[in-house]
Amino acid sequence: MAADVRGAVVAGSVFAIQTRNLDGEKETLRCGRLSLSRGHLLLHCLAEGPPPPGSITIEHKEVLSELVDREGTLVFLEVENAEPRLKGRVYIRLSPDTGRGRQFTWLCTGQRGVSYANTRFLGVLDKGGPKERIIAGDYEGTDGAGGASLIPWLGWGREYRREWRAGVVRGWWGGIHRAAQFFITTQHGNPGQTVHFAFGQVENGLEVVRGVAALPDPSQARVVDCGVVLVEEVEGAAVRGEEDGV
């Protein structure tokens, strides 16, 4: 990455924008910031409105088309809890050739108009037990009744079966009205134990997931931001002194 481009990204002045043509002119509807973290080049979730004046802008759809790894998309959830204090990023490797993987990517980028940004965790199942898992993903509300599917048919075939291990990301088994909700396991299962509807694996940040599960009230924790990794290890350790610190 050229020094001037890297400097602009570190300064928070590079944005990917969604536009529409209005009377022959392009109108910016939404924008997502680019940043560096852990050596990765990140594209944050789209937010309403144009970027700040003087920003460097690129087309959102072109960035996704040219830079996102289609063989194994890496996305992130930025998690916070006020008291007790908890803050960190969870990086998840998705199966992009599945409907659930594509849907999760869309909800991390916000490219379809809705996202996981500013959503709450919904709770913990089997808290403290061998099948402990956190629940999240209701982008329509806070009570777990929403989170409708963005894809009409997500399926439940063998492509969604994985060995039960810590950090597996799996979908909801109910109707399409909450098919965007998801679970993340915190513990390793017994040999041969299977997770159904699985489409992702936590690669970094499992301690954040376990931290949410351990909270007295996990529903107070929030996904404050999310997005997709455009380039992994863009410049290795050379850029890590200039990252955003999360």
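Coordinate-derived values only; no laboratory data. Fair warning: this is a prediction, and the values are worked out from it, not measured in the lab. Because the Cβ atoms are built from the backbone with ideal geometry, glycine has one as well, and the counts that use them run over all protein chains shown.
Match the structure shown to one of the listed values [x] 19.2; [y] 20.1; [z] 18.6 of Kirkwood radius over Cα pairs in Å, computed from it, and give that label.
The value computed from this structure is option [z].
Test of understanding: what is the full-extension gain from ASP126 to ASP97, defined as 0.36 nm times their sequence separation minus their Cα-Cα distance?
The ASP126-ASP97 span can extend by a further 7.4 nm.
Along the Cα→Cβ direction, 7 angstrom out, place labels at HIS177 and VAL5. What is the inter-label distance in nm?
4.7 nm
Under the 0.36 nm per residue contour assumption, what length would be gained going from the current alpha-carbon distance of GLU203 and ILE58 to full extension?
Extra length available between GLU203 and ILE58 comes to 49.4 nm.
How much length would be gained if the chain were fully extended between ALA82 and ARG20, taking 0.36 nm per residue of separation minus their Cα-Cα distance, in nm to one decimal?
Full-extension gain reported as 18.5 nm.
Classify region 123-233 as rounded, prolate or oblate, taking a ≥ b ≥ c as the square roots of the eigenvalues of its Cα gyration tensor: rounded when a/c is under 1.5, otherwise prolate if a/b is larger than b/c and oblate if not.
Cα axes put region 123-233 in the rounded bin.
According to a simple spin-label model (label point 7 Å from Cα along Cα-to-Cβ), what is the distance in nm between GLU163 and SER13?
4.9 nm
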